[in-house]
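All remarks here apply to the structure that follows.
The values are calculated or read from the model by the stated rules, or taken from the named source; none is laboratory data. This structure is a prediction, so every number in the text was calculated from the model and none was measured. Positions of Cβ are backbone-derived with ideal geometry, glycine not excepted, and every protein chain shown enters the neighbour counts.
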Amino acid sequence: MAGLLAGILDLALPRECGGCDVPGTSWCARCDDELGRDPTSLRPRVDPGVPCWALGPYSGPRRGAVLALKERNRHDLARPLGVALAGAIRTLRVLGHIDPPELGRLVLVPAPTRDRAARSRGGDPVRRFASAAAESLWPETVSVPSVLRMGRGVRDSVGLGAAARAENVAGHIEFRGPSRRRWPPRENVGAVSAVSDPTVLLVDDVLTTGATASESVCVLAEFGIRVDGVVVIAAV
Ligand SMILES: [Zn+2]
């Protein structure tokens, strides 16, 4: 019985930091500091044509947390990642790169994940931390519509170069959202935001070449949705 209880507690409270594996805490203060640094501007090899930012390079706690959330089902890490993403959005607003909420309701569109991969991990990790970012921005109303889907025929892109990655996703990202007439999604739309253009950010965990972001921006544009920027946790 004691063993069972300990097992349940282990599941509820991971004993090591998701960013650096230090024992005794699920997320340590050092990783939190590192994740909370100002976002950096990116110039992806495949240019999505909109500004791109990362919380930092794909190393340290960013790499640790992204991998643990994706590969080890450490769903608890969606919160620190989401809080850091929300912090980056606040910073980008202060710096004038992203419109303040008064000028348009914020919409965070999760970049598409290969469905089978997401299912095997117990849900879409990008949507998880995007939702946590939206919660962290409360009382601002932020929507997180999962309107992009990676179609069949997309391979795992690990090991592919920029051109091969672009070719891999070209034509394979599908829009499955509401029609343009209903954009932005109507849930919780207030009187003010309903009449102003939303600020749309594409969010993803890792940006490698920019191929997925570029194709996503194109697909959204085809449906009349202008993306204002791309924000990712980490850039390779
Ligand atoms: Zn740590």
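Considering (1) modelled with pLDDT under 95; (2) part of a loop (DSSP other than H, G, I, E, B); (3) not basic (K, R), the lone condition that A6 does not fulfil carries the number (2). Can you pull out every residue in region 31-40 that is in contact (Cβ under 8 Å) with a residue 12 or more places away in the chain and either near the ligand (Cβ under 10 Å from one of its atoms) or part of a loop (DSSP other than H, G, I, E, B) (or both)? Scanning region 31-40 gives C31, D32, E34, L35, G36, R37, D38, P39. Do we find that G64 is modelled with pLDDT under 95, farther than 23 Å from D228 by Cβ and assigned to a helix (DSSP H, G or I) in this structure? So G64 does not fit the description; no. When you check C20 against the structure, is it modelled with pLDDT of 95 or more, near the ligand (Cβ under 9 Å from one of its atoms) and either part of a loop (DSSP other than H, G, I, E, B) or surrounded by fewer than 10 Cβ atoms within 10 Å (Cβ to Cβ) (or both), yes or no? The answer is yes for C20. Annotation for region 182-199: at least one member residue is outside any strand (DSSP E or B) and modelled with pLDDT of 90 or more. In region 49-68, the qualifying residues are those that are among the hydrophobic types (A, V, I, L, M, F, W, C) and either under 20 Å from T25 (Cα atoms) or under 12 Å from the mean Cα position of the chain (by Cα) (or both), and the one that is nearest to the ligand (Cβ to nearest atom) is A65. Answer yes or no: is there a residue in region 30-51 that is crowded, with 23+ Cβ neighbours inside 10 Å, on the phi < 0 side of the Ramachandran plot and of a type in the set (G, A, S). Looking for residues that are crowded, with 23+ Cβ neighbours inside 10 Å, on the phi < 0 side of the Ramachandran plot and of a type in the set (G, A, S), one finds none in region 30-51, hence no. Evaluating P139 against the criteria (1) of a type outside the set (D, E); (2) in contact with a His (Cβ under 7 Å, 6 or more places away or on another chain); (3) surrounded by fewer than 15 Cβ atoms within 10 Å (Cβ to Cβ); (4) at pLDDT 80 or above leaves one unmet condition, (2).
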